[in-house]
Amino acid sequence: MAVKAQVYDIRDVWMALKLAGYNLLWTSMIWLITSYLFNLWQWFSHGAILLFIQSTLIYFANRRYLINLETQSFGFPRSDMENSIFAIITLQPYWNLMRRKTVLLADIENIYLDTKRWTSVKKMSNGNDAKGRPKTKNKATRQIRYTLNIAGQFGSANLTFLSRQKRDEVRNALERSIRRIIGKTVDVKVAELS
C-alpha cells in the first residue's frame, strides 16, 4: 500500500493477472475455434492483438484500489450485479471487467467482510488394478474466496481478493479515510463461513 499526498493506492496485482489471464485464455480459445470453423485465418492475428489489448485493459482496471482524500473518493474495479435481462444478454458483467467505478467516501454506509471456504472433490485416475479395471481416488481441493462488500447511497459493490491481507488493507484504509474525512465510524460486519 502506497500513501502519497492524501492518496491510498492499494494494488492487487495477482487478482488482476488472474482475471486478465482467464480472459486471454478463454477468449483466445473461442477465437481460435471461430477462426477454424469459419475459415477466418486472415483475421486471426488482428483478433489476437485485440484480445491482448482487451486483457491489458482488464489488468489495468482491476489492479488497484484508490482512496483519494483530496477528492474524498474511492475508486475500485467495477463489479456490479446486473438487474435487467438486457444487461445480462449484452454481457455487461464481462464488459465491466474493463471499467472502474468511483464513489464518494461519504456515500459508503456499510462494509461487509466475507470469507467463503469450500472443498471440491475430483476423482483422479490412479492406474489399473490386477484385473485391469481403472483405480480411482478422490482428491479434495480446499478453496477460499475473500470478499469485501461495500454498500451505501451508490448501491453496492462486491470486491473479490485472492488474499485476506489485501482485503483487510482496503478495508482498513477505507475505514480510516471515512473516519478522517467525515468523522463517522462505518458499520463493519464480518461473515466467516466455513
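Throughout, read-outs are computed from the coordinates displayed, never taken from laboratory work. Quick caveat, the model's predicted, so the values are computed rather than measured. Backbone-built Cβ (ideal geometry, glycine too); neighbour counts: all protein chains shown.
The distance from the alpha carbon centre of the stretch 88-102 to that of the stretch 5-74 is 12 Å, rounded to a whole number. With the chain treated as a Gaussian network of Cα nodes joined by springs under 10 Å, which of S45, S84, S163 yields the largest mean-square fluctuation? Result for the chain, Cα springs under 10 Å: S84 fluctuates most.
Here the extension length gained between K116 and K131 equals 1.1 nm, from 0.36 nm per residue of separation less the Cα-Cα distance.
Candidate cross-link partners of K135 among the lysines, defined by an alpha-carbon separation under 29 Å and a same-chain spacing of 8 or more, comprise K122, K123. Between E109 and L69, the FRET efficiency estimated from the beta carbon spacing at R0 = 25 angstrom works out to 0.85.
When the Gaussian network model of the chain links Cα atoms closer than 10 Å, the mean-square fluctuations of K139, K131, K101 top out at K131.
Figure legend: label point modelled 7 angstrom from the Cα of F154 along Cα→Cβ; residues of the stretch 82-98 with amide N under 17 Å from it are 82, 96-98. Take the Cα radius of gyration of the stretch 37-148 and divide it by 2.2 N^0.38 Å, N being the number of residues; the result is 1.70.
Find the eigenvalues of the gyration tensor of the Cα atoms of the chain, then list the square roots of 5 times those eigenvalues as equivalent ellipsoid semi-axes, largest first, in whole angstrom.
37, 26, 15
Rounded to the nearest 20, the Cβ-based charge dipole of the stretch 82-194 about its Cα centre (Lys and Arg +1, Asp and Glu -1) stands at 840 debye.
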